[in-house]
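See structure below.
Please treat every number below as a calculation from the coordinates, not as lab data. Note that this is a predicted model, so its numbers are computed, not measured. Counting neighbours? That spans all protein chains shown, and the Cβs are built from the backbone with ideal geometry, glycine included.
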Amino acid sequence: MHLETKVDWRVRATCRDEDPDGLFVRGAEQRKAKLVCIACPVRTECLAEALDNRIEFGVWGGMTERERRALLRRRPDVLSWRDLLDNARRSHSFDDEEEDVRVG
Ligand code: SF4
């Protein structure tokens, strides 16, 4: 499955009906705040949006500001996080399908 378009993914966000300020807390509070992202069905889209747009503040895609900064520093070569995460998802799905064939 491809990452959803910029517009659609937000309507499926787990945090959609939550207080938006809850994700824009500071420092260590973000580690607690990001728990809402664990089961979010659009976590990948959300993270790609934050990384590609260098959004500095708040929790996005289950990552704190600090975690995203560290990731961006580690991977300055990535031109499109959206493409990278989309490809990773596709190859993961392919691996799962192969495993299903082997098991079945
Ligand atoms: S990953 Fe977290 S911040 Fe992003 S849409 Fe989902 S719940 Fe909200």
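Starting at the first residue of the stretch 9-25, write each ³J(HN,Hα) from the Karplus equation 6.51 cos²θ - 1.76 cosθ + 1.60 with θ = phi - 60°, in whole Hz, x for Gly and Pro.
Karplus-based 3J(HN,Hα) across the stretch 9-25 equals 5, 5, 6, 9, 5, 4, 7, 3, 9, 8, 5, x, 5, x, 9, 10, 7 Hz.
Given a Förster distance of 22 Å, report the FRET efficiency between Arg10 and Leu35 from their Cβ-Cβ distance, rounded to the nearest 0.05.
Result of the calculation: an efficiency of 0.65.
Starting with the highest mean, order 27-40, 50-63 by the number of other Cβ atoms within 10 Å, averaged over the residues of each peptide. Don't skip to the end; give the middle numbers.
Values: 27-40: 14.1, 50-63: 17.2.
Those peptides, ordered most packed to least, come out 50-63, 27-40.
Working from the pairwise distances between different alpha carbons, so that the mean of 1/r is found and then inverted, what is the stretch 8-103's Kirkwood radius in Å?
One over the average 1/r among Cα pairs gives 14.4 Å for the stretch 8-103.
Calculate, in nm to one decimal, what Ser91 and Asp21 gain on full extension: separation in residues at 0.36 nm each, minus their alpha carbon distance.
Working it through step by step, the gained length comes to 21.7 nm.
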